Amino acid sequence: MGKVLENKKVSKDFFLMKVEQKNQALMGQFYMLRAWEQYPVLSRPVSIYDRDDNTVTFLYKAVGKGTEIFSRLKKDDEIKIDGPYGNTFPYVEGRIALVGGGVGIAPLFYTAKELKKQNPESNITIYLGFSDEAVLTEEFKTVGDRIITNVGGFITDEINPEEYDAILTCGPLPMMRVLYEKGKDTKAEIYVSMENRMACGVGACLVCTCKTASGNKKVCKDGPVFPAKEVFYDESK
Ligand SMILES: Cc1cc2nc3c(=O)[nH]c(=O)nc-3n(C[C@H](O)[C@H](O)[C@H](O)COP(=O)(O)OP(=O)(O)OC[C@H]3O[C@@H](n4cnc5c(N)ncnc54)[C@H](O)[C@@H]3O)c2cc1C
Ligand code: FES
């Protein structure tokens, strides 16, 4: 169990929730959260937006029953927090683009912090795409060298993959696919963080299975981060 320290609305339907939890979580990992007894049956996977040794902060969008319950939590309420689970974004260096669409921006905040801490010489551009309202852009300015925001259009139009050594992305599958198609013939290494629906979160149920170039993988256990070419491979080859 963790204790909610803060749960604030940051836009029409995005919330930031800080939870007391000792941890050594890594960038790109996620927790399974629940704040109810029986219904909904399943805990909900949510990425690490930020963390320190004693707290984890989540950025979530209220889209259904579970996240709506999260949005009503108050300071000092208890929340069940299991994890951290999953693999991490790779510790890439050099000219790096972090590209997020919608709530896919969530894992990029702590990732930018960690990559800069690992190599202060790295140059990090953060691309944030939103359908109707930009969220947390001022906060992202504190962790990136350059922030590029697109509201209502396609964030993938803003990026030239040739400028980068590595591109890490999280967001809707069509967005990540376009990014891969744009960048696949450049020197940029491209990694995607997948947000498949999950049930157990620990590799036991196969609900989160995704097809990859090297066979079926469990997003919760083998991912959520994969090389983009593993996910967007050409099945005809
Ligand atoms: C590894 C991982 C990390 C994630 N990180 C975050 C995060 O940091 N912040 C965040 O807000 N969300 C994140 N998600 C998505 C989040 O888990 C879902 O939005 C949440 O489970 C919805 O629960 P609900 O009960 O509110 O909605 P439900 O009532 O279950 O569903 C409401 C609507 O949301 C859709 N939906 C539910 N889950 C997903 C999903 N995984 N992908 C796309 N659509 C979905 C449903 O189809 C339905 O239309 C992540 C998912 C994964 C797998
Ligand atoms: S959610 Fe059960 S195996 Fe991934």
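The values are calculated or read from the model by the stated rules, or taken from the named source; none is laboratory data. The model shown is predicted, which means the values in this text are computed figures rather than measured ones. Counting neighbours? That spans all protein chains shown, and the Cβs are built from the backbone with ideal geometry, glycine included.
Only one entry in Gly83, Gly101 is in contact with a Cys (Cβ under 8 Å, 6 or more places away or on another chain) and either touching a residue at least 40 places away in the same chain (Cβ under 8 Å) or farther than 16 Å from Val19 by Cα (or both), namely Gly101. Could we say that Val56 is out of contact with any Asp or Glu (no Cβ under 7 Å at 6 or more places or on another chain), surrounded by fewer than 24 Cβ atoms within 10 Å (Cβ to Cβ) and not assigned by TED's automatic domain parsing to the domain that holds Thr149 here? It is false that Val56 is out of contact with any Asp or Glu (no Cβ under 7 Å at 6 or more places or on another chain), surrounded by fewer than 24 Cβ atoms within 10 Å (Cβ to Cβ) and not assigned by TED's automatic domain parsing to the domain that holds Thr149. Here Lys61 meets each of (1) within 8 Å of ligand 1 (Cβ to nearest atom); (2) in contact (Cβ under 8 Å) with a residue 60 or more places away in the chain with one exception, condition (2). The residue that is surrounded by the most Cβ atoms within 10 Å (Cβ to Cβ), counting only those in region 199-222 that are of a type in the set (Val, Ile, Thr) and within 11 Å of ligand 1 (Cβ to nearest atom), is Val219.
Taking the numbered list (1) of a type in the set (Val, Ile, Thr); (2) in a loop (DSSP other than H, G, I, E, B); (3) farther than 30 Å from Pro174 by Cβ in turn, Ile81 passes all entries but (2). Would you check if Arg44 is within 16 Å of ligand 2 (Cβ to nearest atom) and more than 18 Å from Phe140 (Cβ to Cβ)? When the stated conditions are applied, Arg44 passes them. Among the residues of this structure, Lys182 does not count as one that is of a type outside the set (Asp, Glu), assigned to a helix (DSSP H, G or I) and without any contact (Cβ under 8 Å) to a residue 12 or more places away in the chain.
Residue count for region 187-229 under the criterion of being in a loop (DSSP other than H, G, I, E, B) and either under 24 Å from Tyr110 (Cβ atoms) or among the basic types (Lys, Arg) (or both): the result is 17. The number of residues in region 179-198 being surrounded by fewer than 18 Cβ atoms within 10 Å (Cβ to Cβ) and either over 16 Å from Arg44 (Cα atoms) or modelled with pLDDT of 95 or more (or both) comes to 5.
Of the residues Arg44, Arg51, Arg34, Arg72, which is surrounded by 19 or more Cβ atoms within 10 Å (Cβ to Cβ), outside the structural domain of Gly203 (by TED's automatic domain parsing) and either more than 8 Å from ligand 1 (Cβ to nearest atom) or more than 17 Å from the chain's Cα centre (by Cα) (or both)? Criteria check complete, one pass: Arg51.
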